[in-house]
Structure formats: structure tokens, C-alpha cells
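To keep things clear, I will list the structure first and then write my remarks on it.
The values are calculated or read from the model by the stated rules, or taken from the named source; none is laboratory data. What you are looking at is a predicted structure, and each value in this text was computed from that prediction instead of being measured. No Cβ is skipped: glycine too gets one built from the backbone with ideal geometry, and neighbour counts run over all protein chains shown. Calculation scope for accessible area: heavy atoms of the full protein, side chains included, ligands and nucleic acids excluded. Shrake-Rupley method; radii C 1.70, N 1.55, O 1.52, S 1.80 Å.
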Amino acid sequence: MRQLFGRLDFSFSVCVVFLCLSLYGSVSGSYVKYNTGGGIVEGKLNVHLVPHSHDDVGWLKTIDQYYVGSNNSIQGACVENVLDSVVESLLRDPNRKFVFAEMAFFTRWWVEQSVETQETVRKLVDSGQLEFINGGWCMHDEATCHYIDMIDQTTLGHRFIKEQFNYIPRAGWQIDPFGHSAVQAYLLGAELGFDSVHFARIDYQDRAKRKNEKSLEVIWRGSKTFGSSSQIFTNAFPVHYSPPSGFHFEVNGDYVPIQLQDNLLLYDYNVEKRVNDFINNATFQANVTRTNHIMWTMGDDFQYQYAESWFKQMDKFIHYVNKCQLLNISYCPPTEEDTPEGKSLVVVAYNPLGWNRTDIIKIPVNDANLVVQDSSGNTIEAQYVALDNVTANLRIFYTKAYLGQSSKQIPKYWLLFQASVPPLGWNTYFISNASGKGIWEIRNGFLSTMDTTQNGTIEIGPGNLKMSFSSTSGQLKRIYNTKTGVDVPTQQSYLWYASSPGDAVPQVCNIYAGLEVIMTGFSDTIVILSLLQASGAYIFRPSGPPNIQFDMLQVPLKVIRGPLVDEVLQQFNSWIYQVTRLYRDKEHAEVEFTIGPIPVDDSVGKEVIMRMTTNMVTNKVFYTDSNGRDFLERIRDYRADWPLSVNQPVAGNYYPLNLGIYTRDNKSELSVLVDRATGGASIEDGEIELMLHRRTIYDDSRGVGEALDESVCVDESCEGLTVRGNYYVSINQLGAGARWRRTTGQEVYSPLLLAFTHEKLEDWKASHLTKATAIDPNYSLPLNVALITLQELDDGSVLLRLAHLYEVGEDAEYSTLANVDLKKIFTGKTIKEVKEMSLSTNQEKSEMKRMTWRVEGDSRKEPNPIRGGPINNSTLVELGPMEIRTFLLKF
């Protein structure tokens, strides 16, 4: 697809004529040379066979087990065999082709090969027989991944391919992720120089509509900021990434192969029948796609372990079907230990962000008789908070479970102090014993105090942001900011959805491997007469509205106050615990949740959420991030591309979160940021909810073959998992929330990195630089720019990647052109050469070739996106809104 797959001719509706059966031919036990040549034939239905093996980089087995083929009682899979076998088969016929995507496996195989084999494989790549598609280290997920991680893993794979084969992948191959993101389309697609992206899994209603309208192939504009310059050809498969039914040819696979048997002297001669099967399947697919070019994905999970079983059959089909005048076929492919006498605990904090940063460092200690000093010898204000019982018990259990040993000592306190760290730099703090002084005499140490209830309402917050709680119910009542005047009555609760065990209600859905059904009709979108669809690892399907236990209505709480932070400790029930922290110099609340083990002794799976309820009038609208990059508008019970049939009013309105979620009315914004990938929704106006923990008791028939019911054991005692995490809540004036979301989002994703040791303070200062920055000490990046990659490569060059954090129109001040001075980032060095590269650095930006598309019905005149100009001989880099620019520098 020289246009879409890089090496092979490819374009994408239907032409049907009758065939003459007398043209099949046969063999009679002797050798036959099959005609496997193919090329595009205008006016014919061109079927493109794409041999592939989808190889998960860890799923039911570990990556090592998948590679060498061990632990096959779980899944029979050996990727080493796949690659050995495919190379051997490709060498047998120059018309054979194969595509491969996962470089985590290929690199392992590559380094084990002889120089002769490596040269042979290079020739296969040069000739187009072996093609790398996608080309990342793995086929990353699109719901739970941050865009920086997506870029990094893709760059790792692309650089390997470029260095070893001088090859640049041209096609995105995201066939297995459950859903697809706009960021993938424009950033990990168009910005990589891909001509196309192909995938299998989309909403079943969306697929049915697109098949009916022949709109499985579209031009996707993934960025409202970049418009048509971000568009990419996108192809959704009609069914799955496997072949049509009856065309699996794996030996010992999950399907019984139906071979094309062309020897008249042997039993089961079936050329005529199998050619007809081929034509019927091709005709069906042609009726749901746009043009007279269709793709058959010839492979599945960990297939081609004996590649000849596939290639021999495809050889035969090409040979016999091409004898008919109907079709033409081509195919392609330390802090708790006592400090030694005379020494200090040395804490080095590194700031990976490009701007100055002030944050709270929190470490466990056993002594409240400590002094904290910074690198200049100044005594730093500190606060001690007693370690709560929930944390202590978790530590005891999980230390025993994972380390096999009991905790020698449980720390008594959390020590908190404020650190200020320069951009791309570090600062050092020294924690020493305050000899001869009691804890109440320490100048900088404040032992937190317990609060007493007054007037039925408890207010917390040492800074601008305040929260008020009811002293009778223990529940949150209100969030307000004394600086901005924003005041939002707010309730917070924990609830759980009962996991659906499955039912027998007829409905329309997609067919996936492992789902046993009784079907009527030929399409993958069919009526299921008996479908037991349970909620599980892949599927969220609640059996009704969320439940709230009676003991959650009266929530015991404790209030702890101090100069740096106020805390509210709430025990919602025996297995849900929460600490809310308001810091003096932060404009948000940090909420730490501890959930589990979720009880299932009632035989009901539970999917636990946190819900915030306000009086905001939000009109069904809320916003979620796309891979931590763009924020997309979501409208409850609505899809822009088709009239949505609301069969799942809860699950159908859940969206993946990597950065956060917010909603707004005509006065204010309520934002919640997350510290890990999760799901979020707004099921009713004025509400935001997060999915925080799940435990189900039924398998959802999506391949893992077990319920989402993981446990951890100590000796003979096992219990369900307990999770602990954080989310962050802020209220802002309308239009002002973006600054908090973007800045705090970067701080959450890239926290301060801490290193510890014990050393004499004087000795450490004499031998180490205690505070410094890697850039010009008088410079920092603009607050709308993030440095997302800074890496020294093997050849001594440096990979630099800069990202503008704001979308067009997101903020009046920051959604503008930004400037970065490379000389000030690399102070003290002479930059000899700067090359702007593609996103994954496998080609120069100026050499990227982009396809242009005439889009049906597109008559809109859109403004040109704001992009930074060429650097030429300058070292000043400009970035427009949402722009990411990648450079290789030599010194």
C-alpha cells in the first residue's frame, strides 16, 4: 500500500459479477506453482490480504513467557517461533508479505540473530515483504495512557527501526485498544507522518451505522486547534482484526481450520466451495465499505507460530480466486531509620519541570524532635502529623505480603516541610536531631493539633481555599475561595454500583472471541438471543443505580490543623477511608482515598465511585481529557456521529481520564484531576463522579478467563486488594480553571523526585553542589510550555521535545504563541546544530510527506492554526497552542 501502508498499493465499495465455475482447476498429487502475483486492477473488487500477528506485550502471561513460549497452560503462545517461522516463509516466495507492530518482541528476537540472518531480514524489509506498522515498543492503549508516555514508547520503537533498517513506518495499526482517542489520531498519527490509522474496536451502535452508510473509512480531524492540518485517513474494520469466519489457518489454534484442498486424489477436495466462500465474504464486506478495495486482516493473537499453515492457504486462494474474472488479490503485511550519631538525613529533591516550583515534601519519621534546614542553612518550618491506624495496618499487611517479613518498626509521624526547587534543578534539605531540645521547644517543628467542633460546622483551610463540614453528619457541605469569591455548595459521597452478573435480555452487540452466542444473520452486528454479559475486567455494566450503605450517612471525622496543612480524616465504612488536605499555599484540595478490601461475601460484585454533587446548572455538559492533552466536550446521552440509543445510561456516559474532568455553569468551574488512569462521568447535572476501585465475581468473556477478583495473601489468609490514591479538587471563576488544570496537571504527572542518604551535613556540603539548575539560573520556561523529553542519545546528540500546554481559546493569556530560548536551556554549551524532527525522530520534519484529502461535505473555511516558525539559524523556538516540536541538537 504505497499510499497507506508505505509499501503496498492501497485505496479503499463494491463491484459484483457472477463467476464461471469451470475456471477453478485442480492438481493431481503433483507439484504446482501457485500464481501469487498481484496488483491493482481497476474496475475489479481488490481484496488486500494483510498477514499479521497481534502480540500483546504482556497480557495473560508475562512478556518473557510470551516470547519464549513458556507457561502454555495459560495460553499457547511463543513470539520467538512466530518471527522465526515468518522469516522462513517469506523467503520461499517473494510475493509473500507480513506486517509486524510490537518492537518489544522484535528487538529481543533481533539481537539473538546471526549477522547473516540480520542481513537477510534487512533485505526482506527493503523489498517490502516484511513491513513495520505502528512500530512502537507496544501497541499502547488509548484510554489510560498519558500522551507523553505514548510519545516516549513510540519513539523507542521508531528509533530502533530507523537505526537498524533506515525505515519509517507509514501506517498506524491500533487494532486492539478498546476505543480510540483524538490525541492518537492527530498526535500519534498525523504528527508522526502516518498516512493512515487502522483499528477494530468501536461502539457497536457506531459500527452498525457506519456499515449501513458505508462510512467505516473517514478522514479524522482529531484536533480543533490544528483543524485540517491534523487530519488522517482512518479505517475501522467491519468486524474484528481477525479474518472472516472460516479463514483462520493457525495450527492448534482456537478455530478449526477449513483448508482449501485442491488435490483430486485426496479426500475433501473443495476448491469450488472454498472459492465461493471467499467470494461471498468479500462481497459482503464490499457492501459495507466505500470503494472497490477491501482489507482482510489475516491473523489474530499470537498467530503464525507455524507460518506455512497460513501462507500456503493464502497462496492457493490467490491462485484460484484470481482465475475468476471477479476478484483481484494482493496482500501485505530510607527515612524511618534512626539517624546515625553526628549525621543528618539528606533529602535531595529534583524538579523535572521547566519552571520554579514550591511543593510539600512528606516523609515518614519516628521522631518529632527534628530540625529541617535548607541548602543555605536556613531552618525550615515543619509540621508533624501522627500516622493514622489505617496507614499503619496497611503497611504491616503489605510488607508481610510482598517482602515476606514483618515490619520492624512502624513510623509514628509524617514530617512535612515546604521545598522550593529551581527549574530542571535540585535543592538539598538536611534533617537532624534537635539535641537537648524537647519537641515543644523546636522553632520550626509544629505538632499538629486535633480540632474541637464548634457551632455544628467545621471549617478547614490555612490558605485561600476553605471547606466546611457538618459536625453531625461528618459530610462535606461547601467549598469556597476567599480570594476569588467562588462559593459552591458541595456534597461528597462514596457509593458502589452492583456489577451485573449477566441477563437474558435480547440486544444488539458485537461478537468477540470467547463470547458464545446463538446468532441470526451473517453480520457481526446481530441479534443475540442468549447473551449473559457480565460486568468484569473489560466491561463496566452496572445492574442499576449506585448503592449507599446506611453507615455512610453518618461519617466519623477527625480534624487536624497545622501551619502548612489542615486535614480531615473520614471513615465512611469499614473499608472506605479518606483524608482531605488543604495546604496553605495551594488553591486546591488533595484527597487521599483508601478503599478495600471490597466485600463480596454477599455474592455481589461492587464498583466503587466517589461522587461530588453541587447546585451548578451544567445542562448535561462536562469535559474530559484525551490522553492528558486536549479537553473534549461530552454531552450526556449524546453522540455527534449517530442518534444514540441509550441502553446503558451509566456506562454509556463514562469516559477515560488521564488528567481530569471538569464541569461548569455560567459562574464557576468545578475541576477534579487524577493521579492515575480511571473513568469519570457526570450522570446528573452538577455532578462529577470517579471510578476508584472495582471487584467483580464474574468473567466478562473478553479473553482473560477470570473475574476481576484479585487478592493478596499473607500465610494462609487472603483478601481482596486495597487501593490508595489521590485526586485533586479546585473551584474557579468561569474561564479561569484552565491555568490550575494545566499547571497542577503537570505537577501531578511529574512530581518532585526524592533521593535519601545519611551523611554529616558539613561533609555533604563540602563534596556536593546542594542547589543548582541545569539551565540558565535566571531563566525558566514560559508557564504554557512543558519540556516533555530531554534525553542524551548514544551518538552524543540530545533529543529535546517541547509541548505547548493550552488549546486555542482555552486561556486569554496562555493560549498564545510561546517562545523558548535553547541557548538558555543549554547554558554553558555551544549548540552547533539543531534539526527539527518528526515526533518520533525517525525523519526530519522538512522531509515529511503529508497526504491531502478532499473531504465530503467540507465547505467550512477554518482559520489557519497558529504554529511556530522555522528555527533556521536561530535558537529561539516558537510554539503555537497545542503544538509539540521535537529537535535533535549537537554540541
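Expressed as a whole percentage, what fraction of the accessible surface of the range 680-815 belongs to carbon and sulfur atoms when a 1.4 Å probe is rolled over the protein heavy atoms?
Numbers: 2770 of 6030 Å².
Reported share for carbon and sulfur atoms: 46 percent.
Could you check how much of the accessible area of the range 267-316 is carbon and sulfur, as a whole percent, using a 1.4 Å probe?
On the way: 790 of 1680 Å².
Here carbon and sulfur together make up 47 percent of the probe-accessible area.
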Once the in-chain neighbours fewer than 8 apart are removed, the aspartates and glutamates whose Cα is under 14 Å from Lys765 read Asp374
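Determine the alpha carbon to alpha carbon distance for each of Lys829/Lys890; Lys123/Lys845; Lys483/Lys620; Lys33/Lys273 and list only those over 18 Å. It would help to have the intermediate numbers written out before the result.
On the way: Lys829/Lys890 10 Å; Lys123/Lys845 27 Å; Lys483/Lys620 29 Å; Lys33/Lys273 21 Å.
From the list (Lys829/Lys890; Lys123/Lys845; Lys483/Lys620; Lys33/Lys273), the Cα-Cα distance tops 18 Å for Lys123/Lys845; Lys483/Lys620; Lys33/Lys273.
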Karplus-derived 3J(HN,Hα), 6.51/-1.76/1.60, for each residue of the range 585-596, Hz, glycine and proline x | 10, 10, 9, 8, 9, 9, 10, 9, 10, 10, 10, x
At most 14 other Cβ within 10 Å, DSSP loop - GluC sites (Glu not before Pro), the range 101-187 = Glu112
Dipole magnitude of the range 746-891 about its Cα centre (Cβ charges: Lys, Arg +1; Asp, Glu -1), debye to nearest 20 | 420 debye
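How fast does the range 35-155 diffuse by Stokes-Einstein, in µm²/s, taking the Kirkwood radius from C-alpha pairs at 20 °C and 1.002 mPa s?
Working: Rh = 16.2 Å.
Result for D is 132 µm²/s.
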How much length, in nm to one decimal, is gained on full extension between Thr482 and Ala386, taken as 0.36 nm per residue of separation minus their Cα-Cα distance?
-> 31.7 nm
List the lysines whose alpha-carbon lies under 25 Å from that of Lys558, not counting same-chain residues fewer than 8 positions away?
-> Lys362, Lys412, Lys466, Lys477, Lys586
Taking the Cα centre of the chain as origin and charging only Cβ (+1 Lys, Arg; -1 Asp, Glu), how large is the dipole, in debye to the nearest 20?
-> 1980 debye
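Count neighbours as other Cβ atoms within 10 Å of each site's Cβ, and list the GluC sites (Glu not before Pro) in the range 783-874 that are DSSP loop with at most 10 such neighbours.
Numbers: sites: Glu792, Glu807, Glu810, Glu813, Glu833, Glu836, Glu844, Glu847, Glu856; in loops: Glu807, Glu810, Glu813, Glu856.
Passing both the DSSP loop test and the Cβ count: Glu813, Glu856.
Volume per residue, Å³, of the convex hull around the alpha-carbon atoms of the range 642-790?
Working: hull volume 40.0 nm³, N = 149.
It comes to 268 Å³ per residue, whole-number rounded.
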Pair Asp203, Phe397: separation of 7 Å Cα→Cβ label points (nm) = 3.9 nm
State the percent of C-alpha pairs, over all pairs in the chain, separated by a distance greater than 49 angstrom.
-> 28 percent
Extending each Cα 7 Å along its Cβ direction at Gln261 and Val723, get the distance between those two points in nm, one decimal.
-> 5.2 nm
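Beyond 23 Å, what share of the Cα-Cα pairs of the range 776-891 remains, rounded to the nearest whole percent? Walk me through the numbers before you get to the answer.
Numbers: 2431 of 6670 pairs.
Roughly 36 percent, once rounded to a whole number.
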hull vol. (C-alpha, convex hull) per residue for the range 167-224, Å³ -> 89 Å³
So which aspartates and glutamates pass the test for Lys214, namely a Cα distance under 17 Å, with those fewer than 8 places away in the same chain ruled out?
-> Asp203, Asp206, Asp524, Asp641, Glu856
Neighbour cut-off at most 13 other Cβ (10 Å), DSSP loop, trypsin sites (Lys or Arg not before Pro), the range 807-839 | Lys829, Lys832
Built amide H within the under 5 Å cut-off of Thr457, gap 5+ | Ser471
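With n ≥ 4 as the cut-off for DSSP H runs, can you work out [θ] at 222 nm for the chain, using -39500 (n - 2.57) per run divided by the number of residues, rounded to the nearest 500? Present the calculation step by step, with values, prior to reporting the outcome.
Values: 13 runs with 143 residues, N = 891.
Result for the chain, helices only: -5000 deg cm²/dmol.
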